[in-house]
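**Q** Submitted below is the structure of interest, expressed as structure tokens.
Nothing in this text is a laboratory measurement; each read-out follows from the coordinates by a stated rule. The structure displayed is predicted, hence computed values, not measured ones. Here the Cβ is made from the backbone with ideal geometry for all residues, glycine too, and neighbour counts use every protein chain on show.
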Amino acid sequence: MENLGHMTYANHSLMWAVSIFGVCLVLVQSALIIKKSIKAGKDLGITNDEMKKGIKASAIASIGPAMGVVGSLLALMVTMGSAVSLVRLSLIGGSNYEAMAANFGAKALGAELERNMLPVVFTNALWTMALGLLGALIFVFFFAHKMDKVNGLLTNGRKALLPAIGLGAMLGSFAYFNMDNLLKVKTRPDITISAVGGAILMLICITIGEKNKIGWLKEWSLTIAMFGGALLGTILK
């Protein structure tokens with residue numbers, strides 16, 4: 001059993017059943033939210049034409065970020081399988097978190113995210129992805145209505161520091177995630193160059209996007225960096 005590749009389980013019919021159920025649940029919730037939003041809009045005196053324009057503008061604006069998630073979906077499918085990638089990115093949508101959490105889970109057992117992992121490594125990656133968000137869900141359930149007080153506690157009353165705290169946490173996670181890749185400069189230089197190349201590509205995309213006010217380029221910067229870095233590492237290998 002331990003010698004079976006993890007894709008035997010990743011593509012199992014039960015895995016697909018759970019994933020499809022989760023996606024359908026999100027679609028139903030989305031439909032209910034849209035219905036309630038339209039009703040609330042009418043109660044506020046917003047006309048049907050104005051609501052249609054708002055829905056249309058929102059739909060168009062969501063294409064860029066959605067395509068960025070699609071790019072990450074393709075990268076995650078290679079290692080975690082189609083069913084897991086579908087449900088994780090449809091329910092959560094945090095492409096940065098999903099790949100990072102899965103890799104943390106694999107590294108905890110001394111392995112890497114690969115196309116052929118031991119089932120126990122795949123399972124650990126799944127648990128890491130799920131449990132990593134459990135704290136956030138519990139926190140929101142109990143403290144969402146008290147966020148003003150929580151934010152004040154975290155920033156000692158200086159709310160301007162709140163974005164810096166969130167940014168610092170994210171930068172720390174990415175630094176930890178990439179440090180192992182940088183330390184392989186002697187044993188696996190292709191991995192190190194891939195990581196550095198991806199970082200440079202992302203910096204270029206963000207800089208150009210900020211300077212020329214190209215919103216979609218900033219949204220796609222992570223995806224471009226991931227695929228560009230992977231392509232560079234593959235060529236050098």
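**Q** Pairs of alpha-carbon atoms within less than 8 angstrom and 6+ residues apart define the contacts here; what relative contact order does the chain have, in percent? Before the final figure, lay out the partial values.
**A** On the way: 192 pairs, mean separation 45.2, N = 237.
Once normalised by length, the contact order is 19 percent.
**Q** For the pairs K56/K213; K52/K218; K184/K211; K186/K218; K35/K218, flag any whose C-alpha to C-alpha distance is greater than 30 Å.
**A** On the way: K56/K213 22 Å; K52/K218 27 Å; K184/K211 34 Å; K186/K218 32 Å; K35/K218 32 Å.
Correct reply: K184/K211; K186/K218; K35/K218.
**Q** What FRET efficiency would be calculated for the residue pair F21, L161, taking the C-beta separation as r and a Förster radius of 45 Å, to the nearest 0.05?
**A** Efficiency at R0 = 45 Å is approximately 0.65.
**Q** With each pseudo-label sitting 7 Å past Cα toward Cβ, what's the K56-E112 distance in nm, one decimal?
**A** Calculated label separation equals 5.0 nm.
**Q** Once every Cα of the chain carries one equal point scatterer and solvent is ignored, give the base-10 log of I(q)/I(0) from the Debye formula at q = 0.08, 0.09, 0.18 Å⁻¹, two decimals.
**A** Summing over Cα pairs of the chain leads to -0.40, -0.51, -1.52.
**Q** Need one number: nm distance between label points at S13 and I214, each 7 Å from Cα along Cα→Cβ, rounded to one decimal.
**A** 4.8 nm
**Q** Would you mind computing, in nm to one decimal, how far apart the modelled labels at L183 and A31 are, each placed 7 Å from Cα along Cα→Cβ?
**A** Distance between the two pseudo-spin positions: 5.1 nm.
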